[in-house]
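Below you'll find the structure, written out as structure tokens, and then a few comments.
The values are calculated or read from the model by the stated rules, or taken from the named source; none is laboratory data. Nothing here was measured: the structure is a model prediction, and the numbers come from that model. A quick note on method: Cβ atoms are made from the backbone with ideal geometry, for glycine too, and the neighbour counts reach across all protein chains shown.
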Amino acid sequence: MIRPIWLAAASLLVVHAASAGPNEIRKSLCRINNTAQEFNYRVPWLPGQLGGGSGTGWVVKKDRLMTNAHVVSNAKLLTVEKENDPKKYVATVEFIAHDCDLAQLKVEDPDFWKDTKPLDLGPVPEIESSVTVYGYPIGGERMSVTKGIVSRIDFRTYAHSVMDSHLCIQIDAAINPGNSGGPVMQQGKVVGVAFQGLGGADAQNVGYMIPTPVIGHFLKDIEDGHYDRYMDLSIGTFPLLNTAHRRALGLPDDDRGLAVTTVGSASVCAGKLRAGDVLLKIDGLEIQSDGMVQIDGERMQMAEVAERKFKGDKVKFDVWRDKKPVTEEVTFDRAWPYTHQATSYEPPKYVVFGGLLFQPMNRNLIMTYQFVNPRVFHSFAHFIEEEMYKERDEVIVLTALLPDPINTYLEEFREGIVHKVNGTAIRNMKELAAAFAKQADEYVIEFESHGRPLVFQRTDLESARNRIRQRYNVLQEQFLGDEATTEAR
Amino acid sequence: MHRTAFLLALAFLASGIASSAEKLSVVRVNVTTQSWDFHRPWGKRQPLTRRAIGAVLPGNRVLVTADLVANLTYLELENPEGGRKVPASLVAADYEANLALLQTEADSDLLTGAPALQITESGIGDQLSVWQLENNGRLLVTKGPMTTAEISAYPVDGGFLIYRATMQIQGRDSSFTLPVVNNGKLTGILMSYDAQSTNANIIPAPVIQHFLKDVAGGHYAGFPRIGYAFSPTRDPSLRRYAKIPDAVTGGVYITEVLKDSPAAKAGLQKGDVLIRVDDFAVDQDGNFDDAAYGKIPVAHLFNVHHFVGDKVNLQILRAGERKSLDATLEHRAPESYVSDPYIIDRRPRFVIVGGLILQELSRQYLKDFGPDWLRRAPERLIYWDRFQSDLFADGPRKLVFLSRVMPTSATVGYEELNHLLVTKINGVALQSLDDVPKALEKPVDGFHKIEFEEDPKTIYLDAAETQKTERQVQMQYRLPALKFLE
């Protein structure tokens, strides 16, 4: 049954894709199998459950493959298969960009690259134009082809990280699990990478692809051997549509200008832009009152201008400040540092002390534990807006107690947010681990809005330490990130 | 309609029996209530009629739960047999203790001959009876043992003593409030019942007696509160940290003292260890030994043993040293909170300016999001309400917020704004909604400048245009008024 469908699809293809017919595209396509290990946020010292899945990859340059970040996340072993080759080749992740769901892979075995052909990147396709999606949906062994038209070009949240939005193209071809990472072609060139769809009763025939400006951005970013992540203005804005609002700010009724409402102290714009400014132009492009600019003939959000920048680039603003025009130049000297709202693909950080498990708050933690303390969720949702980062880099939560005589009366501290240890404010996990490692007769841990401290005697801790480690099989008492791990005390 | 006809027919049958039979100590209570719609603060929701059973007390008065009569519009009492109804009125209601006292019109003889119930306390193991009425006026008695006396949550806030009994109460008409009887005497009022666990939560005699005594005093003062929070001291490390001497076996660690509360005025401080209240020792969990109910939280001493104005003695340890503090108990009115824990029988306050609806945050507003309001109401509003004593210790007195926008020609671009905390209008920092009209009298350069805690931080309205469009907003949305500030 496979063969006739395959041919029918192929005959359609010839019309548009003369330069990369189905036999040609096979040279550029592969199936990726990922054996992944998911992290365990409840028992963070455990290596976690094995899982994984499959997706699609394509040859992006002479000896490199491209796919989605979510296809290769948490990978322990990656294998790739070509259509007419029985062999499974081992691949490794060279660069992974969780914020735009793209990854570049290496395959060491030169045999893999025999008779392969890299695909070229095309432009942003026009609305209503046809595109063809290649891949291995639902885990099939043979290549599948679907066809659709470009329905919409818009900014949209990338589901892999949840926190990031970039340019995204909606097509009406079905994109199913397994299609992820596969090329979407037009006129023989890649115009997108299939990456997510809308399922369920809400929508039908809605697929999304990552367009070439985002792919190109990723490829350029990694040219220096390091992925710097997307640059971001990190400011709050408000459209200036209300005429009274415009008049009060001394602006003419010309549908131009976007109000700046918040410039957090961690923003690259801090010290350059202020709340109350009105942005009139970005890099010479007029900003309309709803925050849109005209790029390549398309109306796009102003953020797209920043999206196309790289670390070290500058952006110039024409600003209306205190009813006078000024110009400001902002340098993108760093990516936004606080990414706790994005899904994390790093091993979870934690510290176990006196049988208490301390973990930094992030999306994975929120999804794992059903916290009832509204403060925990509040600090997750408003960490940036309320500039909580001025006091701490990480919100550290006591997530669990490993029951032991030493902590049997401490249940009330579960879900507490750590404030101080022995009088010193704690900014992050490293400081917490250091405070616990410091010799003291007693350890007084204060929690946010908790009227009493948690107190441990050193002698009690010493007698409990090995007991707790053995009883609960705590393989390692802390993990503080990828840098060298130091044991407490 | 079918049901009414049926009841009338029964009433004929019953009338002959009732004259000869002994009169019951209960009466049907028919209540119509209508609550204000806090999300459309200018209007009331549709009226709701409920039927309950009231307990007849001396002086031709009837006791029910306050929940039943909240936002009352019409109240009548009805013969147990059904049929005869007379209008009645509310003598007093306490929504915190969930009790209300009713009376008939002066010249009514509806309750004449109905024996008044005496009140008695009950103990664990006592056989309690819940009284319901059949349609024909016969008493339906369900019995079950009292299992627990404990401090538990009441509908609006805080905790008071409850009796808990296990019994299988059947579904009957008029069952919203039911008397609970022990040996022919009233021992409580049924507050809630869970058919699955067959647990009945009962407002107990001590709370009822406190309420009735307070009402009898002429000036109703309410149940007092002390105003501190505590942590148990079972943890030996905490006992050592708090310098509790070995000779002291009990005590609780004070974790919070509410501003201006009786505890604060008495000089109680965070970190103190409370070891004794009057003659009662406080144990490590914060309980005292009650003669009737055994170990229950000391809150019961402040709330129920005592009345507003009473003095209580607190024995504490501060850094290991014994001190004696005297507190004068007060009731805390819901209006004195930053976010009122309940607003019943009162209209919500609001001001509409140029289509922007400004209100004051209250838990009532949050509860109007429905039974799952904790999930559905805006997270920030829940957070402010929950941590108000912490977050707003230094003001403002009330949180003024923009609940939503009624779109008009003047609010183009503002339509989507909702649930934003308003900090200033025309430069005036708002302490409550009362400050809004004054602030609006002084526009800056012809504009009203409205500032929020959150984005978009600042918006403007044309002052002259706002005034001109006022009538238009009122007509367009058929609003009875553009503000209510009493």
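Summary of values
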| item | result |
| --- | --- |
| Residues of the range B:61-94 that turn out to be of a type in the set (S, T, N, Q) and under 14 Å from B:Ile208 (Cα atoms), as a count | 1 |
| Condition check for B:Asn426: within 13 Å of chain A (Cβ to nearest Cβ), within 22 Å of B:Glu470 (Cβ to Cβ) and of a type outside the set (Lys, Arg) | yes |
| Any hit, the range A:430-437, residues being of a type in the set (D, E, K, R) and surrounded by 14 or more Cβ atoms within 10 Å (Cβ to Cβ) | yes |
| Residues of the range A:120-162 classified as surrounded by 16 or more Cβ atoms within 10 Å (Cβ to Cβ), within 29 Å of A:Gly52 (Cβ to Cβ) and touching an Asp or Glu at 6+ places or on another chain (Cβ under 8 Å), total | 5 |
| Filtered residues of the range A:41-56 (kept if surrounded by 15 or more Cβ atoms within 10 Å (Cβ to Cβ) and either among the hydrophobic types (A, V, I, L, M, F, W, C) or not in a strand (DSSP E or B) (or both)) | A:Tyr41, A:Val43, A:Pro44, A:Trp45, A:Gly48 |
| Inter-residue pairs, beta-carbon under 7 Å, first at positive phi and in the range B:99-119, second surrounded by fewer than 21 Cβ atoms within 10 Å (Cβ to Cβ), 6+ apart | B:Gly113/B:Lys23 |
| Unmet requirement for B:Lys243, which otherwise passes all of (1) more than 14 Å from chain A (Cβ to nearest Cβ); (2) touching a residue at least 60 places away in the same chain (Cβ under 8 Å); (3) of a type outside the set (A, V, I, L, M) | (1) |
| The listed residue being crowded, with 18+ Cβ neighbours inside 10 Å and either in a strand (DSSP E or B) or touching a helix residue (DSSP H, G or I) at 6+ places or on another chain (Cβ under 8 Å) (or both), out of A:Phe380, A:Phe371 | A:Phe380 |
| A:Ala259 being among the small types (Gly, Ala, Ser) and facing chain B (nearest Cβ under 7 Å) | yes |
| Cross-chain or 6+ apart pairs with Cβ under 7 Å, the range A:212-238 first and without any contact (Cβ under 8 Å) to a residue 24 or more places away in the chain, then surrounded by 15 or more Cβ atoms within 10 Å (Cβ to Cβ) | A:Phe238/A:Ala259; A:Phe238/A:Thr261; A:Phe238/B:Asp455; A:Phe238/B:Pro456 |
| Selection status of B:Phe350, in contact with a strand residue (DSSP E or B) (Cβ under 8 Å, 6 or more places away or on another chain), in contact (Cβ under 8 Å) with a residue 40 or more places away in the chain, more than 22 Å from A:Glu385 (Cβ to Cβ) and not basic (Lys, Arg) | yes |
| Strands (runs of 3 or more DSSP E) (entirely within the range B:78-164) containing at least 3 residues that are in contact with a helix residue (DSSP H, G or I) (Cβ under 8 Å, 6 or more places away or on another chain) | B:85-94, B:99-104 |
| Selected residue [under 22 Å from the mean Cα position of the chain (by Cα) and in the same structural domain as A:His98 (by TED's automatic domain parsing)] from A:Val191, A:Val145 | A:Val191 |
| Flag for A:Gln476 being in a loop (DSSP other than H, G, I, E, B) and not β-branched (Val, Ile, Thr) | yes |
| Tally, over the range B:218-229, of residues that are crowded, with 23+ Cβ neighbours inside 10 Å and in a strand (DSSP E or B) | 1 |
| Residue check, B:Ile357 over 17 Å from B:Ala266 (Cβ atoms) and modelled with pLDDT of 95 or more | yes |
| Scan of the range B:371-404 for residues that are more than 13 Å from chain A (Cβ to nearest Cβ) and either within 18 Å of B:Phe350 (Cα to Cα) or buried (at least 20 other Cβ atoms within 10 Å of the Cβ) (or both), ordered by number | B:Pro396, B:Arg397, B:Lys398, B:Leu399, B:Val400, B:Phe401, B:Leu402, B:Ser403, B:Arg404 |
| Residue within the range A:426-437 that is within 14 Å of chain B (Cβ to nearest Cβ) and aromatic (Phe, Trp, Tyr) present | no |
| Hits in the range A:433-453 (condition: closer than 29 Å to B:Val257 by Cα, within 36 Å of the chain's Cα centre (by Cα) and modelled with pLDDT of 95 or more) | A:Ile445, A:Glu446, A:Phe447 |
| Condition broken by B:Asp435, with the remaining ones in (1) within 14 Å of chain A (Cβ to nearest Cβ); (2) crowded, with 17+ Cβ neighbours inside 10 Å satisfied | (1) |
| Pairs where the first residue, in the range A:241-253, is farther than 16 Å from B:Pro443 by Cα and facing chain B (nearest Cβ under 7 Å) and the second is hydroxyl-bearing (Ser, Thr, Tyr) and in a helix (DSSP H, G or I), C-beta under 9 Å, 6+ apart | A:Asn242/B:Thr411 |
| Checking A:Lys390 against (1) more than 12 Å from every other protein chain (Cβ to nearest Cβ); (2) touching a strand residue (DSSP E or B) at 6+ places or on another chain (Cβ under 9 Å); (3) within 30 Å of B:Asp455 (Cβ to Cβ); (4) not hydrophobic (A, V, I, L, M, F, W, C), the condition it does not meet | (2) |
| Residue in the range A:305-315 that is more than 14 Å from chain B (Cβ to nearest Cβ), in contact with a Pro (Cβ under 8 Å, 6 or more places away or on another chain), surrounded by fewer than 20 Cβ atoms within 10 Å (Cβ to Cβ) and not small (Gly, Ala, Ser) present | yes |
| Residue match in the range B:233-248 (condition: in contact with a Gly (Cβ under 6 Å, 6 or more places away or on another chain) and among the acidic types (Asp, Glu)) | no |
| Tally of residues being aliphatic (A, V, I, L, M) and farther than 15 Å from B:Asn199 by Cα across the range B:153-168 | 2 |
| Failed criterion for B:Tyr253 (all others in (1) buried (at least 21 other Cβ atoms within 10 Å of the Cβ); (2) in contact with a helix residue (DSSP H, G or I) (Cβ under 8 Å, 6 or more places away or on another chain); (3) in contact (Cβ under 8 Å) with a residue 24 or more places away in the chain hold) | (3) |
| Filter result for B:Leu274 (crowded, with 22+ Cβ neighbours inside 10 Å, within 14 Å of chain A (Cβ to nearest Cβ), of a type outside the set (Gly, Ala, Ser) and part of a loop (DSSP other than H, G, I, E, B)) | no |
| Extreme residue, modelled with the lowest pLDDT, among residues of the range A:163-175 that are in contact with a helix residue (DSSP H, G or I) (Cβ under 9 Å, 6 or more places away or on another chain), part of a loop (DSSP other than H, G, I, E, B) and surrounded by fewer than 20 Cβ atoms within 10 Å (Cβ to Cβ) | A:Ala174 |
